[in-house]
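Enquirer: Sharing a structure with you now.
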Amino acid sequence: MANFRIQRYDPEKDSRPYFQTYEVPVEQGMSILDCLFYIKERLDATLSFRASCRMGICGSCAMYINGLPRLACETQATSLATDTIEVRPLPNYEIIKDLVVDLSPLFEKHQRVRPWIIPYELEELDRPTKEYVQSPAELEKYLQFAYCLKCGLCLAACPTMATDNEFIGPQALAQAFRYNSDTRDGGDAERIAVVDTLHGLWRCHMAGACAEVCPKGVDPALAIQLMKREAVFGKKKERARLVDPRCGVTPLPGIPKAPEPTVKRSEGKR
Amino acid sequence: MRRYNNRLGIRGWIYAGNYGLERYLYFLHRISGLGLIFYLLLHIGVTSARIYGGAAWEQTMSLLSGPAFKLGEYVLMAGAIFHAANGLRLIITELGMCIGTPGRQEYPYVSSVRKQRRLMIVVMIIIAVLLLISGVDFFIL
Ligand code: SF4
Ligand code: FES
């Protein structure tokens with residue numbers, strides 16, 4: 001049996017969060033997420049939390065568990081080596097209900113650094129005639145950072161984030177570096193304009209908490225320091241070669257229009 | 001719908017969980033930096049007593065010679081030593097040295113903070129030695 005101390009907050013009833021304790025028969029192999037499902041199914045259906053994949057891929061189940069931000073589905077209950085397990089919502093976000101926080105600042109900041117490939121030849125994007133070649137060594141320059149789940153743990157760990165609302169944050173900064181390091185990309189200048197600012201790169205002072213908590217080994221701290229180095233010393237960007245595909249390409253005469261988006265993008269909202 | 005703001009604030013600099021020492025050095029670095037700035041302002045204020053003539057100067061100086069002041073001076077010195085040495089460590093890591101290079105990650109992950117930890121330990125030892133030497137110089141010799 002383990003005692004789960006869980007932070008509760010219902011915006012319709014409570015003025016501030018409080019703790020509630022549940023007893024869960026923990027067995028070897030149960031993740032914290034399994035325990036939360038146990039509580040929700042058998043003890044208290046009003047408990048809210050967010051989860052989807054249960055296998056460390058979607059990044060939905062980020063919470064603050066026994067003193068560290070972690071993914072609930074990737075944290076084995078027995079690995080905490082204690083009978084009292086405290087689960088709270090992620091710090092540095094707004095709580096919507098119980099363990100559910102509003103991650104929209106994370107997504108908004110991610111979007112701000114233009115996390116997509118901005119090619120040198122726009123025409124080549126719309127009507128590709130050739131193939132980009134990238135060596136394994138070139139791939140490894142950014143691959144590590146491409147594993148980001150957007151789980152938001154790193155922003156919960158960051159001490160700068162604790163006081164600076166406007167700080168772009170480790171997740172988005174790491175993604176700026178990921179795309180800047182991609183040889184297919186020519187968008188450095190656009191991203192530097194976003195990150196080389198007052199609330200950008202230079203607000204990081206290498207506390208390293210983001211790197212410690214990242215469940216995917218993305219290591220945002222590494223990306224940020226390397227980007228600072230580039231900002232100070234400059235960098236020579238390698239460019240991916242475009243080669244003729246072996247079997248030739250016949251560009252489609254008329255590329256059909258993309259379908260209407262099913263979800264409306266909330267422009268202007270945060 | 002009402003939301004509850006869970007931003008940690010300055011509390012989040014001081015303690016936010018079971019992190020490595022580096023996250024706490026971040027806080028010490030800020031505090032020691034602020035302390036040094038505060039001292040600088042105080043220093044300018046105090047030494048400007050000289051404008052009001054020799055007597056005023058003598059009076060302020062006698063005010064500043066108690067044992068408490070000596071301790072204060074030592075704390076100031078300790079702050080300066082820490083801020084300088086830790087600052088050097090930060091400059092080294094922030095310029096991308098001693099933190100490793102990007103590559104494929106295998107579990108268990110070894111992060112950049114872990115890679116610079118040896119540097120951090122060396123710097124902390126240097127700080128401790130300097131504090132000891134200056135302590136002996138201040139209070140014993
Ligand atoms: S960098 Fe790591 S901790 Fe931060 S959002 Fe991405 S996967 Fe999560
Ligand atoms: S439920 Fe998807 S990462 Fe945990």
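The values are calculated or read from the model by the stated rules, or taken from the named source; none is laboratory data. These figures come from a predicted structure and were not determined experimentally. All Cβ positions, glycine included, derive from the backbone under ideal geometry; neighbour counts span all protein chains shown. Heavy atoms of the whole protein, side chains included, go into the accessibility calculation; ligands, DNA and RNA do not. Shrake-Rupley method; radii C 1.70, N 1.55, O 1.52, S 1.80 Å.
Enquirer: Per-residue mean of other chain beta-carbon atoms within 10 angstrom of the beta-carbon, peptide A:85-97?
Expert: Rounded to a whole number, the mean comes out at 3.
Enquirer: Lone cysteines in chain A, going by a 4.7 Å Cβ-Cβ cut-off?
Expert: A:CYS35, A:CYS61, A:CYS73, A:CYS148, A:CYS151, A:CYS158, A:CYS204, A:CYS214, A:CYS247
Enquirer: Summing -39500 (n - 2.57) over the DSSP H runs of n ≥ 4 in chain B and dividing by its residue number, what mean residue ellipticity at 222 nm do you reach, to the nearest 500 deg cm²/dmol?
Expert: -22500 deg cm²/dmol
Enquirer: Still on this structure, I have one more. Just counting partner chain Cβ atoms within 10 Å, what average do the residues of peptide A:67-73 show around their Cβ?
Expert: 2
Enquirer: Does region B:10-140 come out rounded, prolate or oblate, given a ≥ b ≥ c as the square roots of the eigenvalues of its C-alpha gyration tensor, rounded meaning a/c under 1.5 and, failing that, prolate meaning a/b above b/c?
Expert: Prolate is the answer for region B:10-140, as a/c is 1.5 or above and a/b outweighs b/c.
Enquirer: Mind checking A:124-132 for the average number of partner chain beta-carbons within 10 Å of each residue's beta-carbon?
Expert: Averaged over the peptide's residues, the number is 0.
Enquirer: Taking springs between alpha-carbon atoms closer than 10 angstrom, which of A:PHE49, A:PHE233, A:PHE177 fluctuates most in the Gaussian network model of chain A?
Expert: A:PHE233
Enquirer: Straight-line reach from A:LYS235: which aspartates and glutamates have Cα under 12 Å away, leaving out those fewer than 8 places along the same chain?
Expert: In chain and number order, the partners are A:ASP188.
Enquirer: Would you work out if region A:104-242 is rounded, prolate or oblate? Take a ≥ b ≥ c from the square roots of the eigenvalues of the alpha-carbon gyration tensor; rounded if a/c is under 1.5, else prolate when a/b is larger than b/c, oblate otherwise.
Expert: Since a/c reaches 1.5 and a/b is larger than b/c, the shape of region A:104-242 is classed as prolate.
Enquirer: If you don't mind, another one. Can you give me the long-range amide H partners of A:MET30? Hydrogens built in the peptide plane at 1.01 Å from N, cutoff under 5 Å, separation of 5 or more residues or another chain.
Expert: Correct list: A:ALA77, A:THR78.
Enquirer: Another one. Tell me which lysines have Cα within less than 16 Å of A:LYS13's Cα, excluding those fewer than 8 residues away on the same chain?
Expert: Result set, ordered by chain and number: A:LYS97.
Enquirer: Only four residue types carry charge here, +1 at the Cβ of Lys and Arg and -1 at the Cβ of Asp and Glu. Report the dipole size of region B:10-140 about the Cα centre in Debye, rounded to the nearest 20.
Expert: 500 debye
Enquirer: Right, another one. Springs between alpha-carbon pairs under 10 angstrom, Gaussian network model over chain A: which of A:LEU143, A:LEU122, A:LEU99 fluctuates most?
Expert: Fluctuation is largest for A:LEU122.
Enquirer: Order the peptides A:146-155, A:219-228, B:36-45, A:4-13 from the highest to the lowest mean number of other Cβ atoms within 10 Å of their residues.
Expert: The packing order, highest mean first, is A:219-228, A:146-155, A:4-13, B:36-45.
Enquirer: Also: Can you list the residues in region A:142-156 whose accessible area drops by at least 20 Å² when all protein chains are present, compared with the chain alone? Use a 1.4 Å probe, heavy atoms only.
Expert: A:LEU143, A:GLN144
Enquirer: Then there is this: Can you give me the accessible area per residue for the protein assembly as shown, using a 1.4 Å probe, in Å²?
Expert: Here the per-residue accessible area is 55 Å².
Enquirer: Summing both sides, how much accessible area is buried between A and B? Use a 1.4 Å probe and give Å² to the nearest 100.
Expert: Result for this pair: about 4100 Å² buried.
Enquirer: Springs between alpha-carbon pairs under 10 angstrom, Gaussian network model over chain A: which of A:ALA258, A:ALA231, A:ALA72 fluctuates most?
Expert: Of the options given, A:ALA258 has the highest mean-square fluctuation.
Enquirer: What's the magnitude of the charge dipole for the protein assembly as shown around its Cα centre, counting Lys and Arg as +1 and Asp and Glu as -1 at the beta-carbon? Answer in Debye, nearest 20.
Expert: 280 debye
Enquirer: Does the protein assembly as shown come out rounded, prolate or oblate by the C-alpha gyration tensor, with a ≥ b ≥ c the root eigenvalues, rounded set by a/c under 1.5 and, if not, prolate when a/b is larger than b/c and oblate if not?
Expert: oblate
Enquirer: Along the charge dipole of region A:104-242, Cβ charges K/R +1 and D/E -1, which of A:ASN165, A:SER181, A:HIS110 sits furthest on the positive end?
Expert: A:SER181
Enquirer: Along the Cα→Cβ direction, 7 angstrom out, place labels at A:ARG16 and A:MET55. What is the inter-label distance in nm?
Expert: Output for this residue pair reads 4.3 nm.
Enquirer: Then there's this: How big is the shadow of the Cα convex hull of region A:1-50, averaged over all directions, in nm²?
Expert: Averaged projected area of region A:1-50's Cα convex hull equals 3.6 nm².
Enquirer: First select every other residue whose beta carbon is under 13 angstrom from the beta carbon of A:THR129; then total the charges, Lys and Arg +1, Asp and Glu -1.
Expert: Local charge sum for A:THR129: -4.
Enquirer: Of all the accessible heavy-atom surface of the protein assembly as shown, with the other protein chains kept in place and a 1.4 Å probe, what percent is carbon and sulfur?
Expert: C and S atoms contribute 60 percent here.
Enquirer: How high is the relative contact order of chain B? Use alpha-carbon pairs under 8 Å, at least six apart in sequence, and give a whole percent.
Expert: Here the relative contact order equals 23 percent.
Enquirer: With an 8 Å cut-off on Cα pairs and a minimum separation of 6 or more residues, tell me the relative contact order of region A:2-101 in percent.
Expert: Over region A:2-101, the number comes to 35 percent.
Enquirer: Please name whichever of A:ALA45, A:TYR93, A:THR75 sits farthest to the positive end of the charge dipole of region A:2-101, dipole taken about the Cα centre and charges placed at Cβ: Lys and Arg +1, Asp and Glu -1.
Expert: Towards the positive end, the residue furthest out is A:TYR93.
Enquirer: Sequence neighbours fewer than 8 away in the same chain don't count; with that in mind, list the lysines whose C-alpha is under 28 Å from A:LYS228.
Expert: Within the straight-line cut-off, A:LYS228 pairs with A:LYS109, A:LYS141, A:LYS150, A:LYS216, A:LYS236, A:LYS237, B:LYS115.
Enquirer: What number, rounded to the nearest 500 deg cm²/dmol, is the helix-based mean residue ellipticity at 222 nm of chain A, given -39500 (n - 2.57) per DSSP H run of at least four residues and division by all its residues?
Expert: Calculated mean residue ellipticity at 222 nm is -7500 deg cm²/dmol.
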